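The numbers here are math on the coordinates, done by the rules we state, and not lab data. Note that this is a predicted model, so its numbers are computed, not measured.
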């Protein structure tokens with residue numbers, strides 16, 4: 001497997017761990033709908049969070065969250081809409097970015113709530 005794929009998997013695992021520590025329940029990972037994918041779907045009470053995880057091992061070219069494009073955000077929202085209707089979710093939703101930086105011994109996590117607002 002390519003190194004960037006391993007980095008992405010490691011970042012998603014770190015993001016899931018982080019969300020669990022914050023009291024969220026992970027309900028889906030790598031949810032796909034057509035050409036769209038949502039990295040993590042988490043629930044906390046009556047709030048469903050659709051999270052895009054971006055991981056970098058080097059921030060020379062920018063922070064991880066800067067690499068979430070408008071097009072990517074639209075795709076995540078499209079997949080989330082499908083998930084919401086397929087699972088009859090009638091409560092609050094939020095779109096977050098979880099930026100993971102893997103530099104040094106400890107991963108750095110930056111959780112950006114309502115990132116697509």
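Descriptive notes on the structure:
- The value of relative contact order for the range 1-59, using C-alpha pairs under 8 Å at least six residues apart, is 30 percent.
- Anisotropy class of the range 12-94 from Cα gyration tensor, a/c 1.5 cut: oblate
- Result for the chain in a Gaussian network model with C-alpha springs under 10 Å: among 65, 52, 81, the largest mean-square fluctuation is at 81.
- Calculated [222 nm] ellipticity per residue, helices only, for the chain: -10500 deg cm²/dmol; basis is -39500 (n - 2.57) per DSSP H run with n ≥ 4, divided by all residues, nearest 500.
- Beta-bridge orientation, the range 3-112: approximately 65 percent antiparallel, per DSSP, counting only bridges with both partners inside.
- Stretch gain in nm, segment residue 33-residue 77, where the contour uses 0.36 nm per residue and the Cα spacing is subtracted: 14.8 nm
- Across 93, 27, 76, mean-square fluctuation computed from a Gaussian network of the chain (C-alpha pairs under 10 Å connected) peaks at 27.
- Value of relative contact order over the range 40-115, rounded to a whole percent, pairs C-alpha under 8 Å and six or more apart: 37
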